[in-house]
Amino acid sequence: MNTLRIARLLFLVLAAPLALSGCDSLARLQKKTPPPCPPVYIMSDAAKITKYRSGGGRDLTDVEMEGEVVAFKGDCVYDEKGGEVTLQLAFELRHGPAATGRTLDVTYFVAVPKFYPAPEAKGVFTFPVTFPDTVDRIRVTDEEVTLRLPVRTKELIDNYEIYLGFQMSPEELEMSRRAKH
């Protein structure tokens, strides 16, 4: 009787971890994998900007600000109306010698080409950045931006590519393109 009891106890000790790991695997299978977020790209032509003071000069002494979109983070959630994408962009900025104050405005865009030419295809956002007195380079992160995508099936989310970059004048965009070559 003692050997039977020891055998049962030994069986429970050895079988319990297997049974529990099986429950864990079953629970993992039952959990739904969250759908993917849409692809997000930093546009190479709009990833860097050099802002010059008004007028004709375009040398180093005419630079008000230089900037680069260096990173972004995001998240997405889905409901019966579609997907909601939240993005937050990070920038590295340099205060130029031609800047007239310590506070500069940074303007960037978030665009979903699939919606073009509707006004909702692109959002333009501006936020002020104040450089401390002894600092000419700074890394900043703007507040979150939220987009609503009317995705009916989560598998179609790849069709809603999102592009990020600095909002530029035609002249600034042309200079950015020339600087890359």
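Structure summary
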read-out	value
Probe 1.4 Å - accessible area at Tyr160, Å² to nearest ten	20
Computed accessible area, Lys180, all protein chains, 1.4 angstrom probe, square angstrom	100
Count, lysine Cα pairs under 22 Å in the range 32-122, 8 or more residues apart or across chains	9
Extension gain, Thr146 back to Tyr163 (0.36 nm per residue minus Cα-Cα distance, nm)	4.8 nm
Sequence of Asp158, Asp62, Asp133 from largest to smallest accessible area, 1.4 Å probe	Asp133, Asp158, Asp62
Surrounding net charge for Thr146, when Lys and Arg each add one and Asp and Glu each subtract one, Cβ distance under 12 Å	-3
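The values are calculated or read from the model by the stated rules, or taken from the named source; none is laboratory data. Since this is a predicted model, take the numbers as computed values, not measurements. With ideal geometry, Cβ positions are generated from the backbone for all residues, glycine too; neighbour counts draw on all protein chains shown. To get the accessible areas, we keep the full protein, side chains included, count just its heavy atoms, and leave off ligands, DNA and RNA. Shrake-Rupley method; radii C 1.70, N 1.55, O 1.52, S 1.80 Å.
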